[in-house]
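Enquirer: My questions all concern the structure below.
The values are calculated or read from the model by the stated rules, or taken from the named source; none is laboratory data. A quick note: this is a predicted structure, and the numbers were derived from the prediction, not measured. Positions of Cβ are backbone-derived with ideal geometry, glycine not excepted, and every protein chain shown enters the neighbour counts. To get the accessible areas, we keep the full protein, side chains included, count just its heavy atoms, and leave off ligands, DNA and RNA. Shrake-Rupley method; radii C 1.70, N 1.55, O 1.52, S 1.80 Å.
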Amino acid sequence: MTKVSPSMLSSDFARLGEELARIEKAGADWAHLDVMDGAFVPNITFGPPVIKAMRRHSGMVFDAHLMIQDPARYVDAFADAGCDIITVHCEAEGDIHEAMDRIRARGIRAGVSLNPETPVQRIEPFLDKADLALVMTVHPGFGGQSFIPECVPKIAEIRKIAESKGKRLEISVDGGVNAATGRTCVDAGATVLVAGSSLFKLDDMAPEIARWKTYGPTL
Ligand code: DX5
Ligand code: ZN
C-alpha cells in the first residue's frame, strides 16, 4: 500500500494539535513537517520547539523535511523534538554525510532529498545511508505550486539504483501531488505521497487518502 504523508504546511498553524488529529483520523500514515530557514529556501516556517509542542498532541510518525542550510547542526535538536524521520537536502551547505550519520546515530530514519533541477547522481553517494529518498516535484519553499512532470523519470531512476543495490528504500514525492500526479509517481516507483494543498482543501480527506493508499505496489 502506498503511504500518505499530508504536509502540515497547509494546515492551520494556530490549531496544529487538532490538525494532527484530523489527518490521523483520516488515515494518514505519516505527518510531513516542512522546516524552512529563509536561507536554503525563501520562506521560514517552524523549528524544533514547535515540533516538540506538536509531539505532545500526537503519536504519529513525524516525517521532517529540512529545507535548511548546514542541517547537521540541528539533527539532535530535531531528534530531541520527536522526529521519526529526518530528510536533508543534498544541495544544502555543509557536510551532508555528517548530517545523515548523525540522524542514523540517533536511531531514526534518514532521508535525502533533491530539488527539481538536481540530477539523481547528486544523491547517489548518500543512498547507502538513506532509508528514504524524497523527490521534489516543485521548487521547495511554498505549498500550492504546480507539479513538474519532468521530475517523474528521476523516481524510476532512483528505484532502479535501489534495486541494483538490493536496497529497501522508500521513495517519497513532494510538491503538487494530487490524485492524478500521485498515481503517476507511484507508477514510476514512489512509495510515499506527500501532499499539502490538495488534501487540506477537502472537508473530509479520508476518502481521498484511502484511494491513494490503493495505488501500488509498494515495499
Ligand atoms: C514545499 C514543501 C511541500 C509542500 C507541498 O517546499 O516541501 O511539502 O507542503 O505542498 P503542496 O502539496 O501544496 O504542493
Ligand atoms: Zn516537504
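Enquirer: List the helices (runs of 4 or more DSSP H) inside the stretch 107-214, counting only whole elements, that have at least 1 residues being within 16 Å of ligand 2 (Cβ to nearest atom).
Expert: Filter on the stretch 107-214 gives 152-164, 179-188, 197-200.
Enquirer: Quick one: Leu219 ticks every box in (1) at pLDDT 95 or above; (2) among the hydrophobic types (A, V, I, L, M, F, W, C); (3) out of contact with any Leu (no Cβ under 6 Å at 6 or more places or on another chain) bar one, so which box is it?
Expert: (1)
Enquirer: Right, something else. Can you tell me which residue among Ser164, Ser172 is hydroxyl-bearing (Ser, Thr, Tyr) and open to solvent by 10 Å² or more (accessible area, probe 1.4 Å)? If you could, list the steps in order and put the result at the bottom.
Expert: Details: Ser172 fails: open to solvent by 10 Å² or more (accessible area, probe 1.4 Å).
Among Ser164, Ser172, only Ser164 is hydroxyl-bearing (Ser, Thr, Tyr) and open to solvent by 10 Å² or more (accessible area, probe 1.4 Å).
Enquirer: Out of Ala195, Ala210, Ala180, Ala190, which single residue is open to solvent by 40 Å² or more (accessible area, probe 1.4 Å), within 21 Å of Ala156 (Cβ to Cβ), among the hydrophobic types (A, V, I, L, M, F, W, C) and modelled with pLDDT of 95 or more?
Expert: Working: Ala195 fails: open to solvent by 40 Å² or more (accessible area, probe 1.4 Å); Ala210 fails: within 21 Å of Ala156 (Cβ to Cβ); Ala190 fails: open to solvent by 40 Å² or more (accessible area, probe 1.4 Å).
Going through Ala195, Ala210, Ala180, Ala190 in turn, just one is open to solvent by 40 Å² or more (accessible area, probe 1.4 Å), within 21 Å of Ala156 (Cβ to Cβ), among the hydrophobic types (A, V, I, L, M, F, W, C) and modelled with pLDDT of 95 or more: Ala180.
Enquirer: If we scan the stretch 23-37, do we find a residue that is among the small types (Gly, Ala, Ser), surrounded by fewer than 22 Cβ atoms within 10 Å (Cβ to Cβ) and either without any contact (Cβ under 8 Å) to a residue 60 or more places away in the chain or in a strand (DSSP E or B) (or both)?
Expert: Looking for residues that are among the small types (Gly, Ala, Ser), surrounded by fewer than 22 Cβ atoms within 10 Å (Cβ to Cβ) and either without any contact (Cβ under 8 Å) to a residue 60 or more places away in the chain or in a strand (DSSP E or B) (or both), one finds none in the stretch 23-37, hence no.
Enquirer: Could you count how many residues in the stretch 82-117 are within 16 Å of ligand 1 (Cβ to nearest atom), of a type outside the set (A, V, I, L, M) and over 18 Å from Ala162 (Cα atoms)?
Expert: Count: 6.
Enquirer: Look through the stretch 77-89, keep the residues that are in contact with a Lys or Arg (Cβ under 7 Å, 6 or more places away or on another chain) and under 23 Å from Leu169 (Cα atoms), and return whichever of them is surrounded by the fewest Cβ atoms within 10 Å (Cβ to Cβ).
Expert: Result: Asp84.
Enquirer: If you don't mind, another one. With (1) on the phi > 0 side of the Ramachandran plot; (2) in a strand (DSSP E or B); (3) not β-branched (Val, Ile, Thr) as the list, and Phe62 as the residue in question, which single condition is left unmet?
Expert: Of everything listed in (1) on the phi > 0 side of the Ramachandran plot; (2) in a strand (DSSP E or B); (3) not β-branched (Val, Ile, Thr), Phe62 misses just condition (1).
Enquirer: While we're here: What residue, among those in the stretch 38-59 that are crowded, with 20+ Cβ neighbours inside 10 Å and part of a loop (DSSP other than H, G, I, E, B), is nearest to ligand 1 (Cβ to nearest atom)?
Expert: Val41
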